[in-house]
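The values are calculated or read from the model by the stated rules, or taken from the named source; none is laboratory data. Worth saying up front: this structure is predicted, and the values here are computed from it rather than measured. So basically every Cβ, Gly included, is an ideal-geometry build from the backbone, and we count neighbours across all protein chains shown. Side chains are part of the model used for accessible areas, which takes the heavy atoms of the whole protein and leaves out ligands, DNA and RNA. Shrake-Rupley method; radii C 1.70, N 1.55, O 1.52, S 1.80 Å.
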Amino acid sequence: MIGKLNHVAIVVPDLQAAAALYRDSLGASVSAPLPLPEHGVTTVFVQLPNTKIELLHPLGDQSPIRKFLDANPAGGIHHLCYEVTDIRAARDRLQAAGARVLGDGEPSTGAHGKPVLFLHPKDFCGTLIELEQA
Ligand code: CO
């Protein structure tokens with residue numbers, strides 16, 4: 001069922017510094033910062049040959065990653081995103097196996113304009129998992 005690793009999301013305290021680190025020290029191809037007000041984040045996409053890194057910084061007072069940054073002031077890995085071909089079928093299979101889907105269980109539109117769901121970290125080895133319909 002699980003497909004490619006679509007991205008690793010890292011919350012960072014300073015988006016410009018993190019972008020410069022990936023661009024200048026690691027030699028990666030890095031996008032300009034992209035504000036996504038509906039998601040409460042500003043993101044920089046780092047394109048790697050086999051996947052992406054998303055650098056995330058809180059945007060606005062209601063940002064869903066504000067608490068994470070407060071708890072991890074130096075930044076940290078926030079979630080992994082796996083691709084699936086049918087997100088509702090994946091959800092149904094996971095829920096039948098006892099996994100908890102966050103929110104109301106219905107896919108929302110993610111940062112790439114595709115349907116996404118998040119799975120409870122306590123059900124996945126302490127890691128927040130995003131599923132994206134590829
Ligand atoms: Co993500």
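In the set H39, H7, only one residue is in contact with an Asp or Glu (Cβ under 7 Å, 6 or more places away or on another chain) and under 20 Å from E83 (Cβ atoms); that residue is H7.
Test A74 against the stated conditions and say whether it is over 25 Å from P35 (Cα atoms), hydrophobic (A, V, I, L, M, F, W, C), more than 16 Å from the ligand (Cβ to nearest atom) and open to solvent by 40 Å² or more (accessible area, probe 1.4 Å). Judged against the criteria, A74 is not a match.
If you go through segment 8-32 and pick out every residue that is open to solvent by 40 Å² or more (accessible area, probe 1.4 Å) and within 16 Å of the ligand (Cβ to nearest atom), you end up with 1.
Report the residue count in segment 80-101 for those that are part of a loop (DSSP other than H, G, I, E, B) and either within 16 Å of the ligand (Cβ to nearest atom) or free of Cβ contacts under 8 Å to residues at least 12 places away in the same chain (or both). The number of residues fulfilling the criteria is 1.
Check off (1) assigned to a loop (DSSP other than H, G, I, E, B); (2) within 16 Å of the ligand (Cβ to nearest atom); (3) aliphatic (A, V, I, L, M) for L55 and give me the number that stays unchecked. (1) is the only condition that L55 fails. Looking at segment 63-79, which of its residues are over 17 Å from the mean Cα position of the chain (by Cα) and without any contact (Cβ under 8 Å) to a residue 24 or more places away in the chain? Answer for segment 63-79, where residues must be over 17 Å from the mean Cα position of the chain (by Cα) and without any contact (Cβ under 8 Å) to a residue 24 or more places away in the chain: D70, A71.
Just one residue in the set T85, T43 is surrounded by 13 or more Cβ atoms within 10 Å (Cβ to Cβ) and either over 18 Å from the mean Cα position of the chain (by Cα) or at pLDDT 95 or above (or both); that residue is T43.
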